[in-house]
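Here is the structure we will look at.
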Amino acid sequence: MSLNVLFLGEIVGRAGIAVLKQGLSRVKEKYNVDLTIANAEGTTNGFGIGMAHSIQLSRMGIDLITGGEKFYYKVDFVEFLPKCSFAIRPANYPASSPGKPYKILEIKGRKVAVTNLISCSGFSRITPNNPFVQCGHLIRKLKEEADIVLVQFHCTTTAECATMGHFLDGQTACVVGTHNKVLTADAAILPGGTAFISDNGRCGSDLSVGGLAPDKEIEKFLTALPNRSWEAWDDGQIQGLLVRIDEATGLAASVETVREHVKVTRPEARQ
């Protein structure tokens, strides 16, 4: 028997919400998904997530929301986090940070622990604890409380994510990288039985710069002006990683990337 976990790529803006609204139920049915986890820190206009959007994602069928350096950008969501049952913050943020560092769910009679870590390098606005040092104690604690442990790692480089994958190989069912919003080609099961990918992509526009409009991002490089980014809508896709976990061992049985095209239209274009 296996437990099928879908890790959705980072949700970027209204296009990300639209592709999930149109296609998430179909994807979950196609892959017989038991648990759906999504990095949602870019849901609201690509930068942060508002409370209303978090509730919308939960009602659409996402069981747990994770985040990264933009998780606290929207004040109403920060105020909502302490009582929110479907979101976790990076576990290596300070203990006083709003939100819970992990979540234990019961799926098909098995206790599944999910935690979210963030790199301590590459993010200038935050000062998290060293994720490698912090997760040693945390993973031991979670293995005492749950049958299966899932890790999502938010980091800027594929090398650091790969290092975390090998560091936790054999201890967790998976290490799934987020942040760069590009579905990488290194999905694999490591020697100890841990499923790994350095980045599980994005939900939204694929023909874009990380889900954002290319012309605006080009303009920033040409002018050095901090102009506002705009979400893109071309080539809507649901991207992510499907991990099938052996319920007996708590380790990965198989892993495959998910890339489903979903036709969506910018709301302004319908007028």
Compute, for the chain, the length of the dipole vector about the Cα centre, with Cβ point charges of +1 (Lys, Arg) and -1 (Asp, Glu) only. Units Debye, rounded to 20.
600
With 31 Å as the limit, write out which pairs from 108/263; 30/141; 83/263; 21/108 have Cα-Cα distances beyond it, or answer none.
108/263; 30/141; 83/263
Set Lys and Arg Cβ to +1 and Asp and Glu Cβ to -1, take the dipole of segment 2-270 about its Cα centre, and tell me which of 58, 194, 225 lies farthest positive.
58
Using alpha-carbon coordinates, inclination of helix 214-223 to the longest axis of the chain, degrees
80
List the residues, sorted by chain then number, that are 5 or more residues from residue 149 or on another chain and whose placed amide H is less than 5 Å from its amide H.
113, 173
Which of 1, 60, 51, 164 has the fewest Cβ neighbours within 10 Å, and the rest in rising order
1, 60, 51, 164
Choice from 260, 247, 217 with maximal GNM fluctuation in the chain (Cα, 10 Å cutoff)
217
Spin-label model distance (nm) - residue 234 vs residue 21, 7 Å beyond Cα toward Cβ
2.3
Within 11 Å, Cβ to Cβ, of residue 100, how many net charges do the neighbouring residues add up to if Lys/Arg are +1 and Asp/Glu are -1?
+3
Return the aspartates and glutamates within reach of residue 103: Cα separation strictly under 18 angstrom, same-chain partners fewer than 8 residues apart disregarded; answer none if there are no such residues.
34, 41, 63, 144, 145, 147
How many angstrom lie between the C-alpha centres of segment 99-146 and segment 228-264?
21
Subtract the Cα-Cα distance of residue 121 and residue 29 from 0.36 nm times their separation in residues, and report this length gain in nm to one decimal.
29.3 nm
Sorted from fewest to most neighbouring beta carbons within 10 Å, what does the list 263, 220 look like?
263, 220
If you count the DSSP beta bridges with both ends in the chain, what percent of them are antiparallel, to the nearest 5?
55
Do you know the relative contact order of the chain, to the nearest whole percent, from alpha carbon pairs under 8 angstrom that are 6+ apart?
22
For residue 253, the residues 5 or more places away or on another chain with a placed amide H closer than 5 Å to its own amide H are 244, 245, 246
At 0.36 nm per residue, and after removing the present C-alpha to C-alpha distance, how many nm does the segment from residue 59 to residue 224 gain when stretched out fully?
55.4 nm
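Coordinate-derived values only; no laboratory data. Because the structure is a prediction, the values reported are computed rather than measured. Every residue, glycine among them, receives a Cβ derived from its backbone with ideal geometry; neighbour counts consider all protein chains shown.
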